1. Could you tell me the relative contact order of the chain? Use alpha-carbon pairs under 8 Å, at least six residues apart, and round to a whole percent.
2. Determine the share of the chain's accessible area contributed by carbon and sulfur atoms, expressed in whole percent, with a 1.4 angstrom probe.
3. Mind jotting down the three principal axis lengths of the chain based on Cα atoms? Whole angstrom, largest first.
4. Points 7 angstrom from Cα along the Cβ direction at Gln93 and Ile8: gap in nanometres?
5. Do the sum for the chain: with -39,500 (n - 2.57) for every DSSP H run of n ≥ 4, divided by all residues, what is the mean residue ellipticity at 222 nm, to the nearest 500 deg cm²/dmol?
6. Go through the stretch 20-36 residue by residue and turn each phi into a ³J(HN,Hα) via Karplus (6.51, -1.76, 1.60, θ = phi - 60°); whole Hz please, and just put x for glycine and proline.
7. Would you mind getting the accessible area per residue of the chain, heavy atoms of the protein chains only, 1.4 Å probe, in Å²?
Amino acid sequence: MGLRHRSIRLRIFLLVAVPILSLVGLYVFAATITASDALNLARSRTLKDTIGTPVGNLEAQIDLERMQAVVYLAAPVPSNLAALHAQEAKTEQSQKAVANAVNSTAGSAGPA
């Protein structure tokens, strides 16, 4: 009965204000969730760019080493063994590059 002597404008204002405030609150909530997801996505893209290239290079070197190992097994001659050892050295360099990239980005990784 508290609104009995109040004007009709106040009643209409209260009827309209509650849903509008609820929509504003819902909009703020959705914007916060979307912004946090966007930040996580940007962080993961940076992580992918930092680690992805060295890992791709390591995979290529492992493929070449595998091919050299098969060639040496097919024809165990000293030239094939020398090529295999040279490729193993390149693979180890790529492995060190991946380890350095992972160690440099270990602290900047986002949440799991």
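1. Taking the mean separation of contacting Cα pairs over the length of the chain, I get 32 percent.
2. Carbon and sulfur atoms account for 67 percent of the accessible area of the chain.
3. 105, 26, 16
4. Placing both labels 7 Å along Cα→Cβ, they lie 8.7 nm apart.
5. -31500 deg cm²/dmol
6. After applying 6.51 cos²θ - 1.76 cosθ + 1.60, I find 5, 5, 5, 5, 5, x, 5, 5, 5, 4, 5, 5, 5, 5, 5, 5, 5 Hz.
7. Here the residues of the chain average 78 Å² of exposed surface.
The values are calculated or read from the model by the stated rules, or taken from the named source; none is laboratory data. These numbers were taken from a predicted model, which means no experiment stands behind them. Here the Cβ is made from the backbone with ideal geometry for all residues, glycine too, and neighbour counts use every protein chain on show. The protein model used for the area step is the full one, side chains on, heavy atoms only, and it has no ligands, DNA or RNA in it. Shrake-Rupley method; radii C 1.70, N 1.55, O 1.52, S 1.80 Å.
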